[in-house]
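Derivation of every value follows stated rules applied to the coordinates shown; laboratory data play no part. Quick caveat: nothing in here was measured; it's all calculated off a predicted structure. Cβ sites come from the backbone with ideal geometry, for glycine too, and all protein chains shown count toward neighbours.
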Amino acid sequence: SELIRGFLLSGMPCPSSCPPGLLALMAPGLALMATFSLPSQAGDRRALPVEKPPGVKGRTLILLDVNTKSPVRIISENFLSLQLDPSIIHDGWLDFLSCARFHRRCGAAAAWRRWDGQKAFSLLGKPGRERGSPPHARSEDIVRSDIALDKQKGCKIAQHPDIMLELQREKAAQMHLVLLKEQFSNTYSNLTLTARSLDKLYNFADCSGLHLIFALNALRRNPNNSWNSSNALSLLKYSASKKYNISWELGNEPNNYRTLIGRSVNGSQLGKDYTQLRSLLQLIRTYSRAHLYGPNIGRPRKNVVAFLEGFMKVAGGTVDAVTWQHYYIDGRVAKVTDFLKTRLLDTLSDQIRKIQKVVNTYTPGKKIWLEGVGMTSAGGMNNLSDSYAAGFLWLNTLGLLASQGIDVVVRHSFLDHGHNHLVDQNFNPLPDYWLSLLYKRLIGPKVLAIHVAGLQRKPRPGRVIRDKLRIYAHCTSYHNHNYVRGSITLYIINLHRSRKKIKLAGTLRDKIVHQYLLQPYGKDGLHSKSVQLNGQPLAMVDDGTLPELKPRPLRAGRTLVIPPLTMSFYVVKNVNALACRYR
């Protein structure tokens with residue numbers, strides 16, 4: 001797909017020269033990230049959980065059935081994507097994009113790559129210069145990835161000695177402190193994107209089977225506050241001369257520009273800037289039909305909603321998808337118990353409704369992307385936003401977005417200076433990486449409606465469903481050749497501190513089920529940075545080889561037992577679901 005944007009969903013085959021391990025996460029068989037929250041009745045899209053009634057601890061049996069006739073939503077094949085933070089230019093990780101360890105893990109996990117983050121505010125595109133910064137105080141460029149293969153040069157995977165990686169980690173740790181200081185003070189130093197940097201980034205995306213989406217500098221303004229496009233035009237011309245297949249954006253969180261440059265840009269003005277950018281793209285043959293996304297606003301509070309309305313009035317028909325960002329909690333004050341709060345899990349639903357209301361008012365049917373999502377803001381917190389506990393938010397985010405029709409989600413970030421990433425600085429996969437990999441391999445784009453009922457020894461109507469048990473259903477990925485078409489995949493989040501039992505009913509009754517149960521590994525519990533799958537710890541076999549993700553077969557008709565505080569996937573085989581037989 002030419003829209004592939006993040007690291008997590010690649011629906012394109014890799015060239016033979018691409019390393020298999022990392023690209024496995026992006027391979028066509030792993031490319032889908034669709035989700036669904038369980039409705040209790042027709043039209044209800046909200047993720048419903050199952051309540052443990054008072055005085056009946058552990059005695060509730062949940063009956064679960066799925067509507068297999070037709071999907072309630074169909075989302076992008078490249079639903080799950082990832083971003084890289086532009087700080088990798090500053091801290092040196094850009095030079096390691098061709099490293100086998102990085103390349104192979106990244107390729108396996110994503111489909112669209114987005115290069116974004118707070119550091120993007122000070123990133124300047126200067127394709128003609130290798131060193132030095134322009135005299136402007138700040139600006140904003142974001143590089144993301146689309147699918148394209150460099151067939152002439154091929155894909156070369158570098159083998160960096162361990163000593164080089166160790167030195168780089170030390171350099172990155174020092175730069176991390178500088179970047180945090182900039183972030184907390186909202187004063188960013190200049191960052192120049194050279195031609196060589198862009199080449200490295202694009203070739204990396206190319207060889208990983210990703211699509212690059214580049215957000216141009218929107219903070220360069222003329223005296224009348226209109227967008228100064230001179231820097232962007234030089235970058236566009238350079239990219240076109242290299243025949244780079246790129247999609248485009250303009251700006252990052254434009255509702256915050258007053259704190260960055262001392263003057264604001266309203267929605268109407270940004271809409272005019274987007275119209276100007278579309279005209280520029282149409283003048284360059286390579287990009288005359290390029291995709292354009294925006295406005296990439298922040299959380300839709302009242303003033304941000306007004307900003308979006310102004311933008312949609314002017315440029316709603318100019319963009320191919322409307323984008324916004326969401327971060328759940330402040331990483332500086334987060335606690336592990338925060339990730340278990342259902343109230344926090346549901347904050348995203350209200351935002352989705354606000355964005356959809358505005359978009360459908362001005363451009364009904366326009367696709368919507370959650371273009372930047374992280375479990376915590378401010379770079380995250382060590383042993384928390386990169387731990388097993390953060391997965392509850394991440395998996396539920398995928399379910400809510402897919403069930404409510406959001407076409408693409410871009411996760412922040414694959415690797416950056418904070419702790420929201422999917423791999424650590426040794427390129428070892430963190431819990432959310434394995435969660436994302438399983439999601440890609442098992443989940444297809446068709447979202448199915450779920451029907452749930454609870455049976456108790458003493459039934460109490462209205463006391464069965466609660467949101468601590470969240471169940472989502474999709475057609476199993478067509479790219480997974482271990483399962484025939486017509487199979488269904490469930491994924492379940494159990495936030496209860498007791499196990500829950502689920503009996504498959506209706507069309508799912510008496511079918512063989514494959515279980516993929518993810519639990520924390522080691523003595524750290526929910527703080528753990530390692531996970532086990534069906535009791536076996538997950539780790540890379542070597543730098544280029546992902547482990548085999550083996551399911552645990554359950555006999556037909558067996559009750560599903562969901563352990564407390566866990567996430568799991570269940571493939572119900574050979575259902576022959578009508579909704580899932582055809583693409």
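List of remarks:
- Summary of packing: across the peptides 437-447, 491-501, the per-residue average of other C-beta atoms within 10 Å ranks them, highest first, as 437-447, 491-501.
- FRET efficiency for Glu170 and Lys335, using Cβ-Cβ distance with R0 set to 25 Å, rounded to 0.05: 0.25
- Relative packing of 425-434, 342-351, 226-235, which averages over residues the other C-beta atoms within 10 Å, highest first: 425-434, 226-235, 342-351
- For the range 520-571, a crude dipole built from +1 on the beta carbon of Lys and Arg and -1 on the beta carbon of Asp and Glu, taken about the Cα centre, is about 360 debye to the nearest 20.
- Qualifying trypsin sites (Lys or Arg not before Pro) for the range 201-292 [loop in DSSP, other Cβ within 10 Å: at most 13]: Lys243, Arg263, Arg289
- Relative packing of 524-536, 353-365, which averages over residues the other C-beta atoms within 10 Å, highest first: 524-536, 353-365
- Pairs exceeding 27 Å between alpha-carbon atoms, taken from Lys171/Lys529; Lys313/Lys354; Lys446/Lys523; Lys341/Lys529; Lys366/Lys468: Lys446/Lys523; Lys366/Lys468.
- Other-chain or far-sequence residues with amide H under 5 Å of Thr192's (modelled H): Leu124
- Note: relative contact order over the range 263-375, using C-alpha pairs below 8 Å and six or more positions apart, is 32 percent.
- Dipole moment magnitude, nearest 20 debye, the range 192-283 about Cα centre, only Lys, Arg, Asp, Glu C-beta charged: 240 debye
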